[in-house]
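A.B. asks: This is the structure I want to talk about, given as structure tokens.
The values are calculated or read from the model by the stated rules, or taken from the named source; none is laboratory data. These numbers come from a predicted model, not from an experiment. All Cβ positions, even for glycine, are placed from backbone atoms using ideal geometry, and neighbour counts span all protein chains on display. Ligands, DNA and RNA are excluded from the accessible area calculation, which covers all protein heavy atoms including side chains. Shrake-Rupley method; radii C 1.70, N 1.55, O 1.52, S 1.80 Å.
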Amino acid sequence: MANAEVVLLDFWPSPFGMRVRIALAEKGIKYEYKEEDLQNKSALLLQMNPVHKKIPVLIHNGKPVAESLIAVQYIDEAWKDKAPLLPSDPYLRAQAKFWADFVDKKIYALGRKIWATKGEEQEAAKKEFIESLKLMEGKLGEKPYFGGESFGYVDVVLVPFYSWFYAYEVFGNFSIEAECPKLIQWAKRCSEKESVLKSLPDHKKVHGFVLELKKRLGIE
Amino acid sequence: MAEADQLLLLDLLPSPFAARVRIALAEKGLNYESREEDLSNKSPLLLKMNPVHKQIPVLIHNGRPICESMVIVQYIDQVWNHKSPLLPSDPYRRAHARFWADYIDKKIYPIGRMLWASKGEVKEASKKDLIECFKILEGELGDKPYFGGESFGYIDLALIPFYSFFYTFETLGNFSVVVEFPKLMDWAQRCLLKESVSKSLCDQRNVYEAVLEIRKKLGAE
């Protein structure tokens, strides 16, 4: 498949956008990165994702693919000759999709509660967040990656949140490494890969972004 | 693949998610055992096979569990790829199918549930949202016989179980699907002509009864 024209509509702190950046980098795909201002969405974004009006949107030869997991799967299928992200075995594929869905259902929503709330609500979110991470740690086991010997779909789906851990820790006043040391080891291992290194923003920048966001939303 | 494939579905008749799996299994002509779960008294098998979410449906294939309805459907489609493909083969069309199944997941059940589980302003707002979703879905369907084009596919399968909820939405939401969304109704009737669908869907009245029970428990009556 020729790398005719690939455009990514994205927003630098978005973990969902990071997933697509990583997948594109893993496949060695050249693309044009377009930063969106979510307070002032571009005509292109509204045209390419009229249903949700959200980033990331991958545009391949003018045709849009929205929703990060769908975009990552699309990239894996359209550029299937290099760095496969999903396993070919149906059962292992189903497992990988299950855990990606788990990350979507839990990590983002709970993480948001950690920085956006206080008191009991925050404590409950922290507890469930750690439980969810521990569950994933258990799933990782002794493997270097969720994909086994090589970096794969679940790794791509989860690792972007590593860039948000510092912000969660500061606002939540807790240490993720203390609770999930193996997961942090895994995250650091992933971060050594160029595709991840180039796709994740600096965690202090993310923290600064969350501070600004809290101010704008009027959250203490 | 072993000659004697063992398929067990941890099931729930009124669940639209379980219905999706029933339809997929029927489309592929597969024999399976269906075990009805009581969600107020979940079986040890369910808790063992889906320890993370403790939800149905769970498909157990030769002893190994697969959870989450659309993950199960994709699994069935991949393993039994000899007939009735549910997803298209082209990557872009596959992405398109997944997008709309995801839209249905994010919107129809949660908003629908909000409509039938609440009262007053919340209920009115949910009704407005649900109607908006049906408008968008009708727009996506356009003049095609099915969402996937000429044949019944992934998106159709993802949505058609909610036909069982139309009576519930209409009665509790006070609107008519056939009046507001004639194209969607046409599409639903077309799908119901397929045996795999008609045999898999829960009767609309039974769903309504189940919903009334839940409303009672939630104190929404």
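A.B. asks: Being modelled with pLDDT of 95 or more and not hydroxyl-bearing (S, T, Y) is the requirement here; does B:A24 meet it? Give the steps one after another, and end with the answer.
C.D. replies: On the way: modelled with pLDDT of 95 or more: yes; not hydroxyl-bearing (S, T, Y): yes.
Yes: the conditions hold for B:A24.
Listed here are the residues, each with its yes/no results for (1) of a type in the set (K, R); (2) without any contact (Cβ under 8 Å) to a residue 24 or more places away in the chain.
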{"residue": "A:A66", "(1), (2)": "no, yes"}
{"residue": "A:V72", "(1), (2)": "no, no"}
{"residue": "A:L86", "(1), (2)": "no, no"}
{"residue": "A:K105", "(1), (2)": "yes, yes"}
{"residue": "A:E131", "(1), (2)": "no, yes"}
{"residue": "A:K134", "(1), (2)": "yes, no"}
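A.B. asks: Pull up the stretch B:86-102, narrow it to residues that are under 18 Å from the mean Cα position of the chain (by Cα) and touching a residue at least 40 places away in the same chain (Cβ under 8 Å), then point me to the one that is nearest to the other protein chains (Cβ to nearest Cβ).
C.D. replies: B:R98
A.B. asks: Sticking with this one: Restricting attention to helices (runs of 4 or more DSSP H) lying wholly within the stretch B:73-170, give those where 2 or more residues are touching a helix residue (DSSP H, G or I) at 6+ places or on another chain (Cβ under 8 Å), closer than 30 Å to A:K80 by Cβ and acidic (D, E). Break it down stepwise before answering.
C.D. replies: Values: elements: B:91-117, B:120-141, B:154-159.
In the stretch B:73-170, the matching helices (runs of 4 or more DSSP H) lie at B:91-117.
A.B. asks: When the residues of the stretch A:194-220 are narrowed to those that are among the hydrophobic types (A, V, I, L, M, F, W, C) and within 16 Å of A:S14 (Cβ to Cβ), which ends up surrounded by the fewest Cβ atoms within 10 Å (Cβ to Cβ)? Write out each step before concluding.
C.D. replies: So the first thing to find is which residues in the stretch A:194-220 are among the hydrophobic types (A, V, I, L, M, F, W, C), and the list is A:196-197, A:200, A:206, A:209-211, A:213, A:217, A:219.
Restricting the remaining residues to those that are within 16 Å of A:S14 (Cβ to Cβ) gives A:196, A:200, A:206, A:209-210, A:213.
Numbers: A:V196: 24, A:L200: 23, A:V206: 20, A:F209: 16, A:V210: 22, A:L213: 14.
In this case the residue turns out to be A:L213.
A.B. asks: Let me ask another. Starting from residues that are at the interface with chain A (Cβ under 10 Å from one of its Cβ atoms) and assigned to a helix (DSSP H, G or I), keep the ones in the stretch B:53-72 and report whichever is surrounded by the fewest Cβ atoms within 10 Å (Cβ to Cβ).
C.D. replies: Here is the first cut: in the stretch B:53-72, the residues at the interface with chain A (Cβ under 10 Å from one of its Cβ atoms) are B:53, B:59, B:61-62, B:64-68, B:70-72.
Applying the additional criterion that residues be assigned to a helix (DSSP H, G or I) yields B:70-72.
On the way: B:M70: 21, B:V71: 19, B:I72: 26.
Once the filter is applied, the top-ranked residue is B:V71.
A.B. asks: So is A:A83 within 9 Å of chain B (Cβ to nearest Cβ) and surrounded by 13 or more Cβ atoms within 10 Å (Cβ to Cβ) or not?
C.D. replies: Working: within 9 Å of chain B (Cβ to nearest Cβ): no; surrounded by 13 or more Cβ atoms within 10 Å (Cβ to Cβ): yes.
It is false that A:A83 is within 9 Å of chain B (Cβ to nearest Cβ) and surrounded by 13 or more Cβ atoms within 10 Å (Cβ to Cβ).
A.B. asks: Return yes when A:N61 is crowded, with 21+ Cβ neighbours inside 10 Å, farther than 22 Å from A:V159 by Cβ and within 13 Å of another protein chain (Cβ to nearest Cβ) and no when it is not.
C.D. replies: On the way: crowded, with 21+ Cβ neighbours inside 10 Å: no; farther than 22 Å from A:V159 by Cβ: yes; within 13 Å of another protein chain (Cβ to nearest Cβ): yes.
So A:N61 does not fit the description; no.
A.B. asks: Further question: Note down all Cβ pairs under 6 Å where the first residue falls in the stretch B:106-117 and is over 16 Å from B:L218 (Cβ atoms), the second is open to solvent by 20 Å² or more (accessible area, probe 1.4 Å) and of a type in the set (D, E, K, R), and they're at least six residues apart or on different chains.
C.D. replies: The qualifying pairs are B:I111/B:D129.
A.B. asks: When the residues of the stretch B:4-36 are narrowed to those that are under 20 Å from B:N50 (Cα atoms) and basic (K, R), which ends up most open to solvent (accessible area, probe 1.4 Å)?
C.D. replies: B:R35
A.B. asks: Another one. Determine if the stretch A:129-147 includes at least one residue that is more than 14 Å from chain B (Cβ to nearest Cβ), at pLDDT below 95 and over 25 Å from A:R216 (Cβ atoms). Explain how you work it out, then say what you get.
C.D. replies: The initial filter retains those residues of the stretch A:129-147 that are more than 14 Å from chain B (Cβ to nearest Cβ), namely A:129-130, A:140-147.
Those still in the list that are at pLDDT below 95 too: A:147.
Next, from what is left, pick out any that are over 25 Å from A:R216 (Cβ atoms): A:147.
Within the stretch A:129-147 (the criterion being more than 14 Å from chain B (Cβ to nearest Cβ), at pLDDT below 95 and over 25 Å from A:R216 (Cβ atoms)), the answer is yes, since at least one residue qualifies.
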